[in-house]
Structure formats: structure tokens, C-alpha cells
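Some notes on the structure that comes next.
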Amino acid sequence: MAIKLWGSIASPYVARVTMFARLKGLELEQAPAPGGMGSDEFKKINATGKIPALEHDGHVIAECETICEYLDDAFPESRITPADPMLAAQSRMVSRITDLYVAPHNTPLRPHKNPANRDQAVVDAVAHEFDKAFGYAAHYMGKGPFAAGDTPGIGDCALAPFIGMLQQTVFPYFETIPDPTVSNPRLKDWWQAVQEHEACKASVDEYEQELSKFLAYIAELMAKRAQQ
Amino acid sequence: MKIYGALASPFVARAILFARLKGVDLELVPARPGSADYKAINPIGKIPALETDDGQWIAESEVICEYIEDLSPEPSGLPATPIARAQSRMVSRVVDLYLSPAAAKYARQINPEKRDAAIVAEATIELEKSFAYLAHFMGDEPFAAGDKPTLGDCTLAFYMQMVKILVFANFPEIADPTETNPRLKTWWDAIQSHEVCKPLVDEYAVAFDQMMQYFRNA
């Protein structure tokens with residue numbers, strides 16, 4: 001039975017699921033959210049209107065983390081979650097830290113990209129939050145090189161797309177926000193492992209390409225609007 | 001194993017109920033969230049944190065519950081089928097991502113004289129959406145996903161009790177979904193009739209109320 005995934009890969013949450021599915025060797029039938037994220041049409045599929053949503057076996061499951069756990073439960077023969085409970089917890093901690101402490105701090109930076117009209121106090125506050133969040137991630141990761149152990153799992157699938165996103169949209173623009181995969185030894189080792197892992201690298205590259213296409217589209221739209 | 005925190009936190013209560021349903025022994029050690037002493041244990045500074053028998057640490061209530069589940073799989077704290085497990089986890093997720101941030105907005109709006117109507121209106125839209133999501137994503141009745149309480153119930157039970165004290169008691173114009181939404185009414189009745197869930201939810205209500213009074217007097 002086909003497994004359908006709604007949502008564009010330009011979302012780091014969708015990329016989490018595609019990376020996890022790729023690690024499991026599962027084929028997902030992908031489609032953009034009909035009517036777009038938050039549309040009434042898509043809300044008929046997923047009540048929250050958010051992407052991704054997974055349709056399988058007559059059910060719709062929302063929220064990327066829940067979807068990954070579902071795929072691991074529904075296809076246990078390619079189980080990704082480590083059998084060792086502590087390693088599993090460390091991997092899940094990295095997901096949770098990504099969702100609760102990394103993800104919320106990207107959006108507030110957007111209006112401050114241009115140094116000419118930047119509020120440095122906002123940037124400094126975000127820099128501090130990112131510094132803490134990456135510190136938490138490094139602290140709770142297990143023995144490496146991946147988030148927990150020598151194979152990638154749910155935590156890697158959550159954090160890697162976010163790092164890819166920040167490398168495109170944040171670190172090059174804000175000199176006071178360092179890339180933790182350069183400055184933090186544990187995250188440096190981790191990122192190197194992700195880059196050297198075939199399936200992880202393919203997923204991160206795919207996500208980054210889709211994201212840069214999406215960003216180019218937005219830039220074009222803004223330029224057109226400015227001309228009008 | 002030891003759990004650090006206080007029962008007045010719905011996150012701590014989630015882990016305690018989950019462990020209790022599974023018959024896993026957890027010793028509650030008082031901890032002050034955000035204090036320097038506590039951050040030395042859990043740099044995030046939030047409660048709960050779990051100390052394992054071999055001295056390792058895990059934070060975040062949902063991760064702690066999954067760890068306890070992996071460590072002692074029987075009796076399971078999650079339903080049997082993959083879809084029902086997803087439904088139970090979805091309930092947790094909806095609480096953490098939608099209900100919890102909406103509920104937090106009421107904390108500074110309790111006093112009617114200092115109330116900002118715009119904040120309350122916005123919070124209420126979000127709160128009601130989260131209730132609709134919960135009812136939508138729940139699985140088979142009467143609990144969050146099936147005939148036994150599982151992870152999602154452990155998360156939602158304390159939050160529902162909290163919004164009863166924090167929101168519905170102070171804002172009578174906001175409907176209590178355990179009275180108005182049939183699925184959530186069925187669910188709440190099941191929690192209230194369950195011999196393990198009910199006493200802990202009651203204990204939490206007392207602890208939360210005491211904390212509220214402490215802040216009011218402080």
C-alpha cells in the first residue's frame with residue numbers, strides 16, 4: 001500500500017520525514033499540500049493545516065515527529081530507533097531540542113538580515129538562544145558520531161535539515177551567530193558524520209536545493225512587488 | 001530511578017502518571033526549575049529530569065516517558081497498533097505544541113482589572129483550536145486511543161485539569177470542552193473513573209492551586 005506524504009521538501013519538517021523514510025528504505029509518494037499550507041482544502045486532510053501529513057492505511061497522521069515514530073512502528077523490520085533505551089532517548093532528545101529550542105528562533109531574525117536596518121539587540125538575543133540550544137544538543141547527544149551512536153536516527157533527521165537551513169539563511173548573514181558545526185567540537189563531528197553518510201547527505205542536499213529554490217522564488221516575488 | 005521536579009508541573013505529573021500506570025517506581029526529588037543547582041543537572045533548566053539507576057540523565061517529559069516505555073515495555077504505556085500509538089502520541093504533541101502555549105497566555109490575565117482583552121481573545125481562539133485538534137486526532141473511545149490510558153492521556157489529563165483551574169474558573173465565557181465536546185467529555189469521564197489517573201489528577205490539582213496561591217501572594 002502506498003504511503004503518501006503531503007508537503008514540500010523545502011520544509012525542514014517534511015525533510016525530517018523524507019530523511020527518516022530514506023534511512024528505512026521506504027518509498028513515499030510525495031505531493032504538495034493541495035491549496036497550500038493552512039488552506040481549507042488541506043485542512044480537510046490534516047486538521048492543523050500544517051505540513052507534513054502522512055496518509056497510510058486509510059489514516060492521516062500529522063506532526064513530523066509522530067510520523068517518524070509511526071513509520072518505525074508500522075515497518076519494524078527496518079527499525080531505526082536504537083534497541084538501547086538510553087540511545088533512543090538521546091536521539092529523541094535531539095529532536096525535541098530542535099523543535100523546542102532551535103526552531104522558534106529562526107523567524108525573529110528575518111527582518112534583520114540587512115545590516116543597514118538591523119536591530120542588533122534582537123540579533124544578540126537570538127544569538128544567545130541559538131548558543132544555548134546548540135549547547136543543549138551537544139550536551140544530550142550520546143556517544144557519536146551521530147546524535148546517538150554510530151548510525152543516524154530520529155534526532156539526526158530532525159537537526160540536520162535545520163542546520164542546512166541556518167547555513168543558508170542565518171550564519172552567512174549574522175557574523176555574531178557562529179555555525180555550531182564549525183565552533184562546537186561535538187556538533188562538528190556530528191555534521192561530518194551526516195555529510196559522510198550517503199542517505200543523510202542525499203536528503204540534506206535535496207532539502208537544501210528545494211529550500212534555495214523556494215528562497216529564490218520568494219526573492220523574485222518581493223522584487224516584483226517592490227517594482228509595482 | 002529518580003524524577004526531579006514538583007507535582008505542580010503538568011510535565012512532571014505526566015511522567016509520574018505514565019510510570020505509575022506501568023508499575024515503574026519513580027522517586028520524586030524536589031527541584032527548582034531554572035536554579036543554578038538544577039541547571040548543573042539539566043542545562044535546559046526545565047522540570048522534569050530523570051536520573052537513571054546508573055546515574056545518567058534525560059530531560060523533557062515526553063522523552064522520559066518514551067525511555068521508561070523502552071526500558072520496561074510491559075505492561076505497555078502505548079496502544080498495540082501503530083495507528084493507535086500514533087494517535088496517543090498525537091494527543092501529547094497537540095498538548096505540547098498548541099494547548100500549552102495557548103494556556104500560558106492566560107497566566108497574566110487572571111485579574112479582571114489588569115486584563116488585556118485582545119490577548120485573551122487571541123488565546124481563546126488558539127485554545128479552542130487545540131481542543132478541536134485533540135478531539136479530531138484521538139482514536140477509539142473512551143481514552144485518547146483505546147480502552148486504556150496511554151501516553152497521550154498522561155499528557156492531556158493534567159493540562160485539562162490546569163485549564164479548568166486557570167482558565168474556565170476565571171473566564172466563565174470560555175466553554176469547558178469536557179462539558180461541550182462529546183469526544184472530550186467521554187475522555188474526561190474515563191479519566192475521572194480510572195483508579196490510577198483520578199487520584200493523581202486530584203493531587204496535581206491541589207499542588208497547582210497551591211502554586212497559584214503562592215504566586216498571587218508573592
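Below, the figures for the structure above:
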{"item": "Residue ID - most open to solvent (accessible area, probe 1.4 Å), chosen from residues in region A:18-55 that are among the acidic types (Asp, Glu) and more than 12 Å from every other protein chain (Cβ to nearest Cβ)", "result": "A:Glu27"}
{"item": "Candidate set: region A:56-93, residues that are charged (D, E, K, R) and either closer than 17 Å to A:Ser11 by Cβ or in a helix (DSSP H, G or I) (or both); chosen: the one farthest from the other protein chains (Cβ to nearest Cβ)", "result": "A:Glu77"}
{"item": "A:Ala83 vs. criteria within 27 Å of B:Pro73 (Cβ to Cβ) and out of contact with any Cys (no Cβ under 8 Å at 6 or more places or on another chain)", "result": "yes"}
{"item": "All positions within region B:81-96 that are within 11 Å of chain A (Cβ to nearest Cβ) and either in contact (Cβ under 8 Å) with a residue 60 or more places away in the chain or touching a helix residue (DSSP H, G or I) at 6+ places or on another chain (Cβ under 6 Å) (or both)", "result": "B:Pro82, B:Ala84, B:Arg85, B:Ala86, B:Gln87, B:Ser88, B:Arg89, B:Met90, B:Val91, B:Ser92, B:Arg93, B:Val94"}
{"item": "Any pair with Cβ under 8 angstrom, 6 or more apart, that starts in region B:28-41 at a residue that is within 18 Å of B:Ile64 (Cα to Cα) and ends at one that is open to solvent by 80 Å² or more (accessible area, probe 1.4 Å) and part of a loop (DSSP other than H, G, I, E, B)", "result": "B:Pro33/B:Lys46; B:Tyr38/B:Arg32"}
{"item": "Hits in region A:10-39 - residues which are assigned to a helix (DSSP H, G or I) and under 21 Å from B:Met90 (Cα atoms)", "result": "A:Pro12, A:Tyr13, A:Val14, A:Ala15, A:Arg16, A:Val17, A:Thr18, A:Met19, A:Phe20, A:Ala21"}
{"item": "Search result, residues across region A:56-68 that are open to solvent by less than 50 Å² (accessible area, probe 1.4 Å) and at positive phi", "result": "A:Glu63"}
{"item": "Residue within region A:140-154 that is buried (at least 20 other Cβ atoms within 10 Å of the Cβ), within 16 Å of the chain's Cα centre (by Cα) and of a type in the set (Gly, Ala, Ser) present", "result": "yes"}
{"item": "Inter-residue pairs, beta-carbon under 9 Å, first over 16 Å from B:Val95 (Cα atoms) and in region B:10-21, second among the charged types (D, E, K, R) and open to solvent by 10 Å² or more (accessible area, probe 1.4 Å), 6+ apart", "result": "B:Ala19/B:Asp25; B:Leu21/B:Lys148"}
{"item": "Odd one out for A:Arg118, checked against (1) touching a His at 6+ places or on another chain (Cβ under 9 Å); (2) at the interface with another protein chain (Cβ under 10 Å from one of its Cβ atoms)", "result": "(2)"}
{"item": "A:Thr107 being free of Cβ contacts under 8 Å to residues at least 40 places away in the same chain, among the hydroxyl-bearing types (Ser, Thr, Tyr) and assigned by TED's automatic domain parsing to the domain that holds A:Ala10", "result": "no"}
{"item": "Of all residues in region B:97-123 being touching a residue at least 12 places away in the same chain (Cβ under 8 Å), open to solvent by less than 60 Å² (accessible area, probe 1.4 Å) and in a helix (DSSP H, G or I), the one that is nearest to the other protein chains (Cβ to nearest Cβ)", "result": "B:Tyr98"}
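Rundown of residues vs (1) more than 30 Å from A:Phe134 (Cβ to Cβ); (2) modelled with pLDDT under 95; (3) over 16 Å from the mean Cα position of the chain (by Cα), yes/no style:
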| site | (1), (2), (3) |
| --- | --- |
| B:Lys22 | yes, no, yes |
| B:Ala49 | no, no, no |
| B:Glu60 | no, no, no |
| B:Glu69 | no, no, yes |
| B:Gly77 | yes, no, no |
| B:Val95 | no, no, no |
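The rows are residues; the columns are (1) open to solvent by 40 Å² or more (accessible area, probe 1.4 Å); (2) touching a Pro at 6+ places or on another chain (Cβ under 9 Å); (3) closer than 22 Å to B:Gly139 by Cα; (4) facing chain A (nearest Cβ under 10 Å).
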| site | (1), (2), (3), (4) |
| --- | --- |
| B:Ala15 | no, yes, yes, no |
| B:Gly45 | no, yes, no, yes |
| B:Gln56 | yes, no, no, yes |
| B:Glu74 | yes, no, yes, no |
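The values are calculated or read from the model by the stated rules, or taken from the named source; none is laboratory data. Predicted model only: the values in this text are computed from it and were never measured. Cβ: placed from backbone, ideal geometry, glycine included. Neighbour counts: every protein chain shown. Accessible surface is based on the protein model in full, side chains and every heavy atom, while ligands, DNA and RNA are left aside. Shrake-Rupley method; radii C 1.70, N 1.55, O 1.52, S 1.80 Å.
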